[in-house]
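Just so you know, all these numbers are worked out from the coordinates, no wet-lab data involved. If you're wondering where the values come from, they're calculated on a predicted model, not measured in any experiment. We place every Cβ from the backbone using ideal geometry, glycine too, and count neighbours over all the protein chains shown.
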Amino acid sequence: MLKDNFNDLLSFMVVASERSFTRAAAQLGVSQSALSHAMRKLEARLDVRLLTRTTRSVVPTQAGEQLFTRLSPHLLEIEQELTALRSARDKPAGAIRIVAGEHAMDAVLWPVLKAFMVQYPDINVEVTVDNGLTDIVDGRFDAGVRLGEQVAKDMIAVRIAPDMRMAVVDSTDYLARLACRRRRSSSLTTAASTCACPRAADCITGNLNATGASFACGLRGSLR
């Protein structure tokens, strides 16, 4: 019922504006007889005469003129909203929620956010800094910044930064003791001050390069 009324009301607005079934039918893409029949059905449902028909023209009655006046601003508002929606398709807008670790925020995101915000002023960016590998889906984030090996297999990943190199910094005395232990083992685990990550492994492993030599080493954080 509502759909029929809405369609017929739109047709009535065109007829009342054009004051001609011929021009209104051409604008709506229907036949004059179909349009005239739709107007009669609308008048029957509303139980009020909306149009006065003559051989040369069609004129709204007092009730029809009142209906036309009241509906015009609402239909104009609807048309403006539809136009705005069509424009939004070609203009990025909305909100983006991103989760990233502290290092990724400082080294990767901050340097590019300023230019991004200038280029897309209608996009609101919300960044959550969290080193704990928060679940992107459960947290309702649109994207997350992770190291390559931390990306789940079912996630879509795009590289946004070059490979990251890490360095271990130790005191001279500690390095001397480490060298002695290195002679007795092909690999070793060294104490370190690390960042506490609830879901990360307890020990970071990798290859150290010193004086042209490479050997395996684990970094187990005793201070976090």
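Identify all residues within segment 50-66 that are within 20 Å of Ala25 (Cβ to Cβ), surrounded by 10 or more Cβ atoms within 10 Å (Cβ to Cβ) and not polar (S, T, N, Q); write none if there are none.
Leu50, Leu51, Arg53, Val58, Val59, Pro60, Gly64, listed by residue number.
So, restricting to strands (runs of 3 or more DSSP E) that lie completely within segment 1-103, which ones have at least 2 residues that are under 30 Å from Phe141 (Cβ atoms) and touching a helix residue (DSSP H, G or I) at 6+ places or on another chain (Cβ under 8 Å)?
Details: elements: 51-53, 58-60, 94-100.
The strands (runs of 3 or more DSSP E) meeting that bar are 94-100.
Out of segment 67-100, which residues are within 30 Å of Leu50 (Cβ to Cβ) and either in contact (Cβ under 8 Å) with a residue 40 or more places away in the chain or polar (S, T, N, Q) (or both)? Steps first, please.
In the first step, residues of segment 67-100 are kept if they are within 30 Å of Leu50 (Cβ to Cβ); the result is 67-83.
Those that are within 30 Å of Leu50 (Cβ to Cβ) and either in contact (Cβ under 8 Å) with a residue 40 or more places away in the chain or polar (S, T, N, Q) (or both): Leu67, Phe68, Thr69, Leu71, Ser72, Leu75, Gln80, Thr83.
For segment 101-150, which positions are free of Cβ contacts under 8 Å to residues at least 40 places away in the same chain, more than 16 Å from Met164 (Cβ to Cβ) and among the aromatic types (Phe, Trp, Tyr)?
Phe116, Tyr120
So which of Phe21, Phe12 is over 22 Å from Leu76 (Cβ atoms) and hydrophobic (A, V, I, L, M, F, W, C)?
On the way: Phe12 fails: over 22 Å from Leu76 (Cβ atoms).
After applying the criteria, what remains is Phe21.
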